[in-house]
Each structure stands twice: as C-alpha cells, then as structure tokens.
Amino acid sequence: MLDDKEWIVLHPHLTESLQEIKRHRETHNSTIEQARAAGFGKAALDCYFQLTGYRETNPDNLWRYKASDYGPPCESCGKPLRTASAKLCGECGASVPNPAFKQDWLKPAP
C-alpha cells in the first residue's frame, strides 16, 4: 500500500498510461487487449517498484494500492478495513469495536 506522498509520485504515471492506451487505440483502431500488449503502463510499474521494492506485473492493480482509500487495519486479522467507517471486517467478518475511526492511523508514529 502507498501513502499519499508515494501516491502523488505514482499517479501521473498511471494517468499517462491510460492516455497512451487511448491514443494507441485511436491511432491503430485496436482493442484494449491489443493496446495493453503494446506494453503501456511499464513506467507506472517501474515507479511502483522503485517506491516499494515489489515487482507488480499488472498496472491495473496499482489503482488499488492507495492506503487512504481504505480504513485502518482490522484488530482481529490485520487486513485493512474497506472504509474508515466499516462496522465489520470484509476479510474475517470481525466486528469493529468503534467504527468512528479517526484518520490518524495513516499518520506516521512520532
């Protein structure tokens, strides 16, 4: 997962890859699959690797890696809650004791 500062670095690469795909499809009258096969999104994948050290292979997955789009970790299983106001964990089904979370969980510890 990426914090907001990392997301600001990655996001332009993702939006540029979408524009490249759009231009390729218009120019070559190709399908999305054909445009993707042309390798668009590599810059975003490389950027993600530089930020995290993890080699993702599908640029579409990168859109889901923004930590602030999710809630804090579940106290039971540790997976991120789907929203900051979730009442149940979508992964393990555990009840969230206090669904009125503050966004402080995203801030680094002092």
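So how strong a dipole does the chain carry about its Cα centre when Lys and Arg Cβ are +1 and Asp and Glu Cβ are -1, to the nearest 20 debye? Please list the in-between numbers first.
Details: 14 positive and 14 negative charges, 30 e Å.
Computed charge dipole of the chain: roughly 140 debye.
Axis angle, to the nearest 10 degrees, between helix 4-28 and the longest C-alpha principal axis of the chain: 30 degrees.
In the complete set of protein chains, residue-level accessible area for Asp60 is approximately 60 Å², probe 1.4 angstrom. With the helix formula -39500 (n - 2.57) applied to DSSP H stretches of n ≥ 4, the chain reaches a computed 222 nm mean residue ellipticity of -12500 deg cm²/dmol.
The label point for Ala38 and the one for Asp60, both projected 7 Å from the Cα toward the Cβ, are 1.8 nm apart. Applying both filters, DSSP loop and at most 14 other Cβ atoms within 10 Å, to the GluC sites (Glu not before Pro) of the range 15-79 gives Glu75. The C-alpha atoms of the chain define a longest principal axis, and helix 42-52 lies at about 30 degrees to it. Going by accessible surface with a 1.4 Å probe and the largest first, His13, His28 read His28, His13. Counted residue by residue at 0.36 nm each, then reduced by the alpha carbon distance between them, the extension gain from Lys22 to Met1 reaches 4.9 nm. Applying both filters, DSSP loop and at most 10 other Cβ atoms within 10 Å, to the chymotrypsin sites (Phe, Trp or Tyr not before Pro) of the range 1-62 gives Tyr54.
The values are calculated or read from the model by the stated rules, or taken from the named source; none is laboratory data. In this text, all values refer to a predicted model and were calculated from it rather than measured experimentally. Don't worry about glycine lacking a Cβ; one is built from the backbone with ideal geometry, like all the others, and counts go over all protein chains shown. Surface accessibility is based on the protein's heavy atoms, side chains included, excluding ligands, DNA and RNA. Shrake-Rupley method; radii C 1.70, N 1.55, O 1.52, S 1.80 Å.
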